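Student: Below is the structure I would like to discuss, written out as structure tokens.
Nothing in this text is a laboratory measurement; each read-out follows from the coordinates by a stated rule. Just so we're clear, the structure is a prediction, and the values are computed from it rather than from any experiment. Glycine gets a Cβ as well: all are built from the backbone with ideal geometry, and neighbour counts include every protein chain shown.
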Amino acid sequence: MPLSLLLSLSMALLVVGLHAISAARRTGRSQQTYGISLVICVILLGMALVHLLSAAAPATLILPLGLPWLGAHFRLDALSAFFLMVVNLGGAVASLFALGYGQHEPAPGRVLPFYPAFLAGMNLVLLADDAFTFLFAWEFMSLSSWALVMAHHRESANTRAGYLYLVMACFGTLALLLAFGLLAGPQGGYDFATIRTAEMTPGLAALALILVLMGTGSKAGLVPLHVWLPLAHPAAPSHVSALMSGVMTKVAVYGFIRIVFDLLGEPVAWWWGGLVLGLGGITAVLGVLYALMQHDLKRLLAYHTVENIGIIFIGLGLALAFQGNQMYASAALALTAALFHVLNHSLFKSLLFLGTGAVLAATGERDMERLGGLIHPMPWTALAFLIGAAAISALPPLNGFASEWLTFQAILLTPELPQWLLKFLAPAVGALLALSAALAAACFVKAFGITFLGRPRSPAAAQACETDRYSLTALFTLATLCLLAGILPGLVVDGLSPAVSLLNGGARLPVQQSQPWLTLVPVVDVKSTYNGLLVLLFMALSGILAAVLIHRFASHGVRRSPAWDCGFPDVNPAAQYTAGSFAQPIRRVFGSVVFQAREQVTMPPPGDGRAARFEVKMRDPVWDYGYAPITAAVIAISNRFNHLQYLTIRRYLSLVFGALVLLLLGMALWR
Amino acid sequence: MALMHDHLMQGGQMLLLLLLAPLLTGWVRTLKAQLLRRRGPSLLQPYRDLLKLLRKEVVLADSASWLFRVAPYLIFAAIWVAAALVPTFASSLPFSWSADLIAIVALLGTARFFLALAGLDVGTSFGGIGASREMMIASLAEPAMLMLVFTLSLLAGTTELSAVARFMLTADVGLRVSLALALLALIMVAIAENARIPVDNPATHLELTMVHEAMVLEYSGRHLALIELAASLKLLLYLSLLGCIFVPWGMTTAGEEATAYLLGVAAYLAKLGLGGLLLALFETSIAKMRVFRVDQFLSAALMLGLLGALLLFVSRSL
């Protein structure tokens, strides 16, 4: 029985966490915790893969836990198997990385007990089959990751990040709680099987959709609910950041898919798709624009998670729009694109966060303005990071391109939709998607170029050395998977098809394995195809051919000399382009509108010895216009009620009396 | 036999492009010189430059890494493959199915990504300035290009270039507003992507507004030769793209005999000659714009592309 084994393994992770409380006291025991987590994750990964690829029937299990009249329901189907694969792949690689990286941890006691618990929480969310178990596991995942965010709580920025995360997590769970309340209906049928069959009025279903969007969107980082994410993800230790950004956001996406596509079910109103599509497009572009303005490498990556969540939600929104019009073949393409991007993002985002962890361990810096030239002391880390950067920038033949290509192909099918709003929205979102892909490339030229290329900007960067073998193995595992998923996208699409047909009334993409050369063929009658394998082959052949011919027949000599730089070489590495100056043109073009970025140069008059100053002022539109008024209102209201704390006992008694009278009056009128 | 024929044709196209690319660059240079009443270099000068550069040793900056040495081959390979997938003299390319127009745009993106990284590698301020501006330009040019892909795909029902070219040869294309907008957008993108006036000046080395030349400033010898050849190939690619989409006449369709191929090649050469002439005329009659006007130029291209696509979303007959 694979489901009970999956559950016991998740429980085993909890036990590992409990054991780590005692183990953490002794030095050198972190490897034990991470080692066992690695083994368990690999087994879970293997089982999830077997279930997904064998297209096995869903398995269910009811345990006498939780609410006495409900019990704890668990279920393993193709969708949860796919997300189990994503979660445990990320978990396994992060654990492998932590075997080496965990030894740099200054306070292992604050990380080790929560790490396996966090993994267990994510696994349980995916297996839950009733609302109570789902929310319990969801909260467990949130709180254990909160504890990991607070691992380095002595830094004041981390405390603020932890607080904000807690508030947003509570908000998200509240929204989900209300959504499940609506779904369960007045009878209170909280297990998913009952919810699936229940009929809902269109108004209630729409309300539930909006609540689910708020609940899962706040965890996934959908704009405008993303504000906690770029603060909290970087605060945790790097392997945990990789899990939070690469994997936990995917659990939130799973929640959205499970509730909206599976539980709410048919009929889908067409405007749901439009709403999700628009939110996805805005999230994608804003996320990457925020990322471009960052100098902190981990925060830049966290903002990129926001962008990629936007791309995933574009795919999901398209799928909803197609399903609302009974176009299941097109919906299958959009869903496949979204799920493929889920897998891809978990691969390259984990890779990039782990690479940043290696940089952090080697230099102690994550501010790009103090890094540079790391490709010389850390060539292997640099190569792995480069592959991740190219993959996230959607460059062929890597995997990011394959899933974005599928998303574009799905957008190209939207003229068939009958609704005018969607007809106008879809090309606009297509433009936003193209814009975000191009900006992502700019952002990762900056991230890789400033961090790894050029000359070192600080002594710490100059004295760095290559990271350990565990970390390198983890990095190259992910880099290889990025390449494989990019050149063999057809196999991934076939692997995804059980999950897609489960959500899509049985419709799926054509079988890809039988295509010549494993070409990706999204729709049978549209002749747009893409073959990553051939593109890689052509590129490798022509590049190698050129190199061999030139070295054989033309020249192969190399002479080292100082840089030319038009005859004015800068001796000082500070004169290089920095992250801020690299982003300056884009800041002027986009930032002056979106962030109201203003540059101010204070130049002392000639003869004055003071230093010139250059300042950039930027405003965060979401915070300033969305959250700041809300916080101000909350503080103003609580100030108003503050004097309630200082009343005499007489006053309190009369307040109680007044409240009682009001309640009774209300009851009487209600009847 | 058919397979042999396919491979021969694909190989022939790749070789033809490689041989033609420097000639096109020389052609534009000569025309520009004559328009300025200068005699100008010979048409074959780019070949001589390339051969000379190839034979010279590479002078590598002390701070250059392995990426700096690998990048020229990667850039060259990506652009060559992209160019090989654009139909030139024949409308059906055997390997056209392996990458559609979106993939060709993305392949050019790969080349640009590595060129910008190479610009940052040595750690000089010139390289940085070029890389950062190139990425700014690309962040607007690439979406504009993809909007053009949308327009074409809505008309032809596919993003595969061979099929698009075959569709454009049929009679039911007609005159369309959306295609006119797309043509304008593609020309603007092509000017920006090839670092031509008014966006960038291919002839200068020491001007603060330069983009492409600043990035490749540290390159020398065979590396520089590859990058120059890649830049010529890119110009050729964009002219071929314009030709195969908007002036498809004279292209050989599948199943015709050998003389038809010769005719196709002649038509292709004529299109290139005309394209080069128009480019030279345009470049000599306009001044270079400030670098922070470029974003307005390219936003206009993006909006034109979006408008073209939107028109088709509204009605297939526009």
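Student: Can you tell me what percent of all Cα-Cα pairs in region A:121-268 are more than 19 Å apart?
Tutor: In whole percent, the long-distance tail amounts to 50.
Student: Please state the charge dipole magnitude for chain A, taken about the Cα centre, from unit charges on C-beta atoms (+1 on K and R, -1 on D and E), reported in debye and rounded to the nearest 20. Each step should come with its number before you reach the end.
Tutor: Working: 37 positive and 28 negative charges, 265 e Å.
So the magnitude is around 1280 debye.
Student: For region A:589-647, just the Cα atoms, rotate onto the principal axes and tell me the three extents in Å, largest first.
Tutor: 65, 31, 9
Student: Select from B:ARG166, B:ARG37, B:ARG48 the residue whose mean-square fluctuation is largest in a Gaussian network model of chain B (Cα-Cα springs shorter than 10 Å).
Tutor: Judging by the Gaussian network model, the answer is B:ARG37.
Student: If exposed means no more than 14 neighbouring beta carbons inside 10 Å and the site is in a DSSP loop, what's the longest run of chain B without any exposed GluC sites (Glu not before Pro)? Walk me through the intermediate numbers first.
Tutor: Details: sites that count: B:GLU57, B:GLU207, B:GLU256, B:GLU257.
So the longest stretch without any such site is B:58-206.
Student: Could you tell me the center-to-center distance, by alpha carbons, between region A:143-194 and region A:49-126 in angstrom?
Tutor: Comparing the Cα centres of region A:143-194 and region A:49-126, I get a distance of 18 Å.
Student: At 222 nm, what helix-only mean residue ellipticity would chain A give, in deg cm²/dmol to the nearest 500, using -39500 (n - 2.57) for each DSSP H run of four or more?
Tutor: So the helix-based figure for chain A works out to -21500 deg cm²/dmol.
Student: Test of understanding: in a Gaussian network model of chain B with alpha carbons linked when under 10 Å, which of B:VAL211, B:VAL265, B:VAL86 would top the mean-square fluctuation ranking?
Tutor: Per the Cα network of chain B with a 10 Å cutoff, B:VAL265 tops the list.
Student: Taking Cα centroids, how far is region A:310-388 from region A:413-427 in Å?
Tutor: For region A:310-388 versus region A:413-427, the Cα centre distance is 28 Å.
Student: Residue by residue through A:394-406, how many Cβ atoms from other chains fall within 10 Å of the Cβ on average? Don't skip to the end; give the middle numbers.
Tutor: Numbers: counts 3, 9, 12, 6, 1, 0, 1, 6, 1, 0, 2, 6, 0.
Partner Cβ neighbours, averaged per residue: 4.
Student: Now for a different question. Report the relative contact order of region B:2-314, percent, no decimals, based on alpha-carbon pairs under 8 angstrom and at least 6 residues apart. Please list the in-between numbers first.
Tutor: Working: 468 pairs, mean separation 95.4, N = 313.
Dividing the mean separation by the residue count of region B:2-314 yields 30 percent.
Student: Could you state the principal axis extents of the C-alpha atoms in the protein assembly as shown, from the largest down, to the nearest angstrom?
Tutor: Largest first, the protein assembly as shown extends 103, 71, 53 Å along its Cα principal axes.
Student: Between 0 and 90 degrees, rounded to the nearest ten: what's the tilt of helix B:66-84 against the longest Cα principal axis of chain B?
Tutor: Tilt of helix B:66-84: around 20 degrees.
Student: Grab the Cα-Cα distance for A:LEU178 and A:ALA460, subtract it from 0.36 nm times how many residues apart they are, and report the gain in nm with one decimal. Please report the intermediate quantities before stating the final value.
Tutor: Working: separation 282, 0.36 × 282 = 101.52 nm, distance 5.05 nm.
Between A:LEU178 and A:ALA460, full extension yields 96.5 nm more.
Student: If you don't mind, another one. Nearest 20 debye, what's the magnitude of the dipole of region A:266-542 about its Cα centre given +1 on Lys and Arg Cβ and -1 on Asp and Glu Cβ?
Tutor: On the way: 12 positive and 12 negative charges, 73 e Å.
I would put it at about 340 debye.
Student: Further question on the same structure: Between B:LEU281, B:PHE292, B:PRO143, whose Cα lies farthest towards the positive end of the dipole of chain B when Lys and Arg beta carbons carry +1 and Asp and Glu beta carbons carry -1, centred on the Cα centre?
Tutor: B:LEU281
Student: Pick from B:LEU17, B:LEU161, B:LEU54: which is most flexible by mean-square fluctuation in a GNM of chain B where alpha carbon atoms under 10 Å apart are linked?
Tutor: Highest fluctuation among the options: B:LEU54.
Student: Send over the Kirkwood Rh of region B:2-314, from the inverse of the averaged 1/r over different Cα pairs, rounded to one decimal Å.
Tutor: Values: mean 1/r = 0.0499 Å⁻¹.
It works out to 20.0 Å.
Student: Please compute the contact order of region B:208-318 in relative form: average sequence separation of alpha-carbon pairs under 8 Å and at least six residues apart, divided by the residue count, as a percent.
Tutor: Values: 25 pairs, mean separation 22.6, N = 111.
In percent, rounded to a whole number, it is 20.
Student: Under 30 Å from the Cα of A:LYS250, which lysines turn up, not counting those fewer than eight places away in the same chain?
Tutor: A:LYS250 reaches A:LYS219, A:LYS298, A:LYS349, A:LYS423, A:LYS446.
Student: What FRET efficiency comes out for B:ALA33 versus A:ILE21 if R0 is 60 angstrom and r is the Cβ-Cβ distance? Round to the nearest 0.05. Don't skip to the end; give the middle numbers.
Tutor: Details: r = 79 Å, r/R0 = 1.32.
The formula returns an efficiency of 0.15 here.
Student: While we're on this one: Take the alpha-carbon centre of region A:512-552, take the same for region B:1-66, and report the distance between them in whole Å.
Tutor: For region A:512-552 versus region B:1-66, the Cα centre distance is 25 Å.
Student: Give the relative contact order (percent, whole number) for chain A; include only Cα pairs under 8 Å separated by 6+ residues.
Tutor: Values: 1062 pairs, mean separation 79.3, N = 671.
Once normalised by length, the contact order is 12 percent.
Student: Mind checking region B:239-318 for trypsin sites (Lys or Arg not before Pro) that DSSP puts in a loop (not H, G, I, E or B) and that have at most 12 other Cβ atoms within 10 Å? Walk me through the numbers on the way to the answer.
Tutor: Values: sites: B:LYS271, B:LYS288, B:ARG290, B:ARG293, B:ARG316; in loops: B:LYS288, B:ARG290, B:ARG316.
Counting only loop positions with at most 12 other Cβ atoms within 10 Å, the trypsin sites (Lys or Arg not before Pro) in region B:239-318 are B:ARG290, B:ARG316.
Student: Next up: What FRET efficiency, computed as 1/(1 + (r/R0)^6) with R0 = 45 Å and r the Cβ-Cβ distance, is obtained for A:ARG640 and A:ARG588, rounded to the nearest 0.05? Walk me through the numbers before you get to the answer.
Tutor: Working: r = 44 Å, r/R0 = 0.97.
In this case the efficiency is close to 0.55.
Student: How big is region A:454-534 on each of its three principal axes, counting only the C-alpha atoms and giving the largest first in Å?
Tutor: So the three principal-axis extents are 59, 27, 20 Å.
Student: Among B:ALA111, A:SER561, A:ASN399, whose Cα sits farthest toward the positive end of the charge dipole of the protein assembly as shown (+1 at Cβ of Lys/Arg, -1 at Cβ of Asp/Glu, about the Cα centre)?
Tutor: A:SER561
Student: Another question, if that's okay. So what's the projected area for region A:517-633, the Cα convex hull averaged over all directions, in nm²? Provide the component values of the computation, followed by the final result.
Tutor: Details: hull surface 74.2 nm².
That works out to 18.6 nm².
Student: Express in % the proportion of alpha carbon pairs of region A:266-542 at distances exceeding 33 Å. Spell out each step's value before the answer.
Tutor: Working: 9479 of 38226 pairs.
Every Cα pair in region A:266-542 considered, those over 33 Å come to 25 percent.
Student: Next up: Which loop-located chymotrypsin sites (Phe, Trp or Tyr not before Pro) does region B:243-276 contain, where loop means any DSSP state but H, G, I, E or B and the Cβ has at most 13 other Cβ atoms within 10 Å?
Tutor: On the way: sites: B:PHE246, B:TRP249, B:TYR261, B:TYR268; in loops: B:TRP249.
Of the chymotrypsin sites (Phe, Trp or Tyr not before Pro), the ones in loops of region B:243-276 whose Cβ has at most 13 other Cβ atoms within 10 Å are B:TRP249.
Student: May I have the pair-distance distribution P(r) for region B:1-148, computed from all Cα-Cα distances with 5 Å bins from 0 and rounded to whole percent?
Tutor: 2, 8, 12, 14, 16, 18, 16, 9, 3, 1, 0, 0
Student: Is the shape of region B:168-239 best called rounded, prolate or oblate, per the rule: a/c under 1.5 gives rounded, else a/b larger than b/c gives prolate, else oblate, with a ≥ b ≥ c the square roots of the Cα gyration tensor eigenvalues? Before the final figure, lay out each step's value.
Tutor: Working: a/c = 5.47, a/b = 2.13, b/c = 2.57.
Oblate shape, in that a/c is at least 1.5 and b/c is the bigger or equal ratio.
Student: Can you bin region B:165-305 into rounded, prolate or oblate? Criterion: square roots of the alpha carbon gyration tensor eigenvalues sorted a ≥ b ≥ c, rounded for a/c under 1.5, prolate for a/b above b/c, oblate for the rest. Intermediate values should be presented prior to the final figure.
Tutor: On the way: a/c = 2.66, a/b = 1.46, b/c = 1.83.
Oblate, since a/c reaches 1.5 and b/c is not below a/b.
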